[in-house]
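Here is the structure we will look at, set down as structure tokens.
The values are calculated or read from the model by the stated rules, or taken from the named source; none is laboratory data. No experiment lies behind these values; they were computed from the predicted model shown. Heads up, the Cβs are rebuilt from the backbone with ideal geometry, glycines too, and the neighbour counts pull from every protein chain shown.
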Amino acid sequence: MGRFLVICCGGALGTGTRFLVSTWAAQHVGTGFPRGTLFINVTGSFILAFITELSLASGAVPETTRLFLTTGLMGGYTTYSSFNYETLALATEGAHGLAALYLALTVVAGLVAGVLGVVAARGLARLSPPPGLVSAELARLAELRAQLESTLQHPPGGETT
């Protein structure tokens, strides 16, 4: 039940974000071409691919966080149904060229963004230390600190500081 609620919360945030981005795009760049939905679907493709690949490649994203971000947030943020309706609306209005352009841009840009997300995640995963390395190094530093403190409190030859 906990993962279900986490995914639902992510979906609510994603839906709200989509509303804000779409509203902003309509007010600032107009409604003649569905730029807001295109932007949402392309950035969503990048983010979903990035998070999923980073999670799989490095284990850096815990499963519950991955589900919140991908199934929840990106599931609510991206929107095939709006893309479908806007493409049909352009075609119905006789803007067949724009409908075809929108269809092609969404599919191609979404795939390119997904590939870039995977590449970026793999690059980041290579830069990140393997899981457990940081905690092992912190444990080693704590051990060295304890040795240093012991040496300072009881130096060889009996001198104290």
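For segment 54-69, the set of residues classified as in contact (Cβ under 8 Å) with a residue 40 or more places away in the chain and either crowded, with 21+ Cβ neighbours inside 10 Å or touching a His at 6+ places or on another chain (Cβ under 8 Å) (or both) consists of 54, 68, 69, listed by residue number. Scanning segment 86-95 for residues that are out of contact with any helix residue (DSSP H, G or I) (no Cβ under 6 Å at 6 or more places or on another chain), part of a helix (DSSP H, G or I) and over 15 Å from residue 35 (Cβ atoms) returns 88, 92.
Yes or no, residue by residue, for (1) among the β-branched types (Val, Ile, Thr); (2) touching a residue at least 24 places away in the same chain (Cβ under 8 Å); (3) within 30 Å of residue 57 (Cα to Cα):
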{"site": "89", "(1), (2), (3)": "no, no, no"}
{"site": "100", "(1), (2), (3)": "no, no, no"}
{"site": "105", "(1), (2), (3)": "no, yes, yes"}
{"site": "113", "(1), (2), (3)": "no, yes, yes"}
{"site": "119", "(1), (2), (3)": "yes, no, yes"}
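Of all residues in segment 131-160, those that are modelled with pLDDT under 65 have Cβ atoms under 9 Å from Cβ atoms of residues that are assigned to a loop (DSSP other than H, G, I, E, B), 6 or more apart or on another chain, in 131/59; 131/60; 160/154.
Just one of the listed residues (50, 46, 39) is without any contact (Cβ under 8 Å) to a residue 40 or more places away in the chain, within 30 Å of residue 127 (Cβ to Cβ), not in a loop (DSSP other than H, G, I, E, B) and not hydroxyl-bearing (Ser, Thr, Tyr), and it is 39. Might you check whether a residue that is out of contact with any Gly (no Cβ under 9 Å at 6 or more places or on another chain) and among the acidic types (Asp, Glu) occurs anywhere in segment 81-94? Yes, some residue in segment 81-94 is out of contact with any Gly (no Cβ under 9 Å at 6 or more places or on another chain) and among the acidic types (Asp, Glu). For segment 96-103, check the following and say yes or no: at least one residue is part of a helix (DSSP H, G or I), surrounded by 20 or more Cβ atoms within 10 Å (Cβ to Cβ) and not small (Gly, Ala, Ser). Looking for residues that are part of a helix (DSSP H, G or I), surrounded by 20 or more Cβ atoms within 10 Å (Cβ to Cβ) and not small (Gly, Ala, Ser), one finds at least one in segment 96-103, hence yes.
Mind listing whichever residues of segment 19-47 are in contact with a Gly (Cβ under 7 Å, 6 or more places away or on another chain) and not β-branched (Val, Ile, Thr)? Don't jump to the end; show me each part of the working.
First pass over segment 19-47, keeping only residues in contact with a Gly (Cβ under 7 Å, 6 or more places away or on another chain): 21-22, 25-26, 41-42, 45-47.
Of everything in segment 19-47, those that are in contact with a Gly (Cβ under 7 Å, 6 or more places away or on another chain) and not β-branched (Val, Ile, Thr) turn out to be 22, 25, 26, 41, 45, 46.
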